[in-house]
Amino acid sequence: MRAVIQRVSKGRVTVKGRETGSIGKGFVVLLGISGDDALEDVEYLADKIVNLRVFEDSEGKMNLSIKDVGGDLLVISQFTLYGDCRKGRRPSFTDAAPPDMAEELYEEFVKECRQKDVRVETGQFQAHMEVELINDGPVTLIIHSKREA
């Protein structure tokens, strides 16, 4: 699994003009799932994200997690994170998980984050979404559930 995490002051996602999720302070998480991901990847990434200390403490140091600051998650499925652009001019998405598998692991990821007492909003799986956010910092990180080259 790959996740692009953006610390935000607010974010929202719409599908066909209808809002499907919105948050205040927290993370917008773009989540990509590969064909070799499993529940262990879900558990690892959910734990890593909800405990990631990138919010400022009273001294202005990145020392607090999303749980510490009462922040929210806006989780968006994003198969294009597994786009391979090394050959040619059009990305190959062969490393991305098939839709059925990806949706199952995406739903498990959302469930796992909610079980960690974090409010989670979502986009709509396999839909064309418009994502708006105000990046706070900016702070943007990429996290992998497996060691990647």
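Within the range 46-57, residues that are in contact (Cβ under 8 Å) with a residue 24 or more places away in the chain and farther than 14 Å from residue 8 by Cβ reach partners that are of a type in the set (D, E, K, R) and buried (at least 19 other Cβ atoms within 10 Å of the Cβ) with beta carbons closer than 7 Å, at six or more positions or on different chains, in the pairs 46/112.
Close contacts from the range 91-114, counting a first residue that is over 19 Å from residue 67 (Cβ atoms) and in contact (Cβ under 8 Å) with a residue 12 or more places away in the chain and a second that is surrounded by 14 or more Cβ atoms within 10 Å (Cβ to Cβ) and of a type in the set (Gly, Ala, Ser), with Cβ to Cβ under 6 Å and a gap of 6+ residues or different chains, come to 93/83; 95/34; 97/34; 106/77. Scan the range 39-54 and tell me whether some residue there is more than 17 Å from residue 117 (Cβ to Cβ), assigned to a strand (DSSP E or B) and touching a strand residue (DSSP E or B) at 6+ places or on another chain (Cβ under 7 Å). Within the range 39-54, not a single residue is more than 17 Å from residue 117 (Cβ to Cβ), assigned to a strand (DSSP E or B) and touching a strand residue (DSSP E or B) at 6+ places or on another chain (Cβ under 7 Å). Taking each residue of the range 61-88 that is more than 19 Å from residue 32 (Cα to Cα) and looking for partners that are at pLDDT below 95 with beta-carbon atoms closer than 7 Å, six or more apart or interchain, yields 67/117.
Quick check on this structure: which one of 117, 136, 47 is in contact with a Lys or Arg (Cβ under 8 Å, 6 or more places away or on another chain) and at positive phi? Can you show your working first?
Details: 136 fails: at positive phi; 47 fails: at positive phi.
Result: 117 is the single residue among 117, 136, 47 that is in contact with a Lys or Arg (Cβ under 8 Å, 6 or more places away or on another chain) and at positive phi.
Contact annotation: no residue pair with Cβ atoms under 6 Å, 6 or more positions apart or on different chains, pairs a residue in the range 31-43 that is free of Cβ contacts under 8 Å to residues at least 60 places away in the same chain and acidic (Asp, Glu) with a partner that is surrounded by 12 or more Cβ atoms within 10 Å (Cβ to Cβ) and not in a helix (DSSP H, G or I). Residues that are farther than 27 Å from residue 138 by Cα, crowded, with 17+ Cβ neighbours inside 10 Å and charged (D, E, K, R) do occur in the range 33-43. In the set 91, 99, only one residue is within 14 Å of residue 35 (Cα to Cα), modelled with pLDDT of 95 or more, surrounded by fewer than 20 Cβ atoms within 10 Å (Cβ to Cβ) and not hydrophobic (A, V, I, L, M, F, W, C); that residue is 99. Filtering the range 70-102 to residues that are more than 15 Å from residue 3 (Cα to Cα), under 18 Å from the mean Cα position of the chain (by Cα) and outside any loop (DSSP other than H, G, I, E, B) leaves 72, 99, 101. Once the range 126-149 is narrowed to residues that are over 13 Å from the mean Cα position of the chain (by Cα) and part of a loop (DSSP other than H, G, I, E, B), the residue that is surrounded by the most Cβ atoms within 10 Å (Cβ to Cβ) is 129.
The values are calculated or read from the model by the stated rules, or taken from the named source; none is laboratory data. It should be emphasised that the depicted structure is a prediction, and the values quoted were computed from it without experimental measurement. Cβ coordinates were reconstructed from backbone atoms using ideal geometry, including for glycine residues, and neighbour counts include every protein chain displayed.
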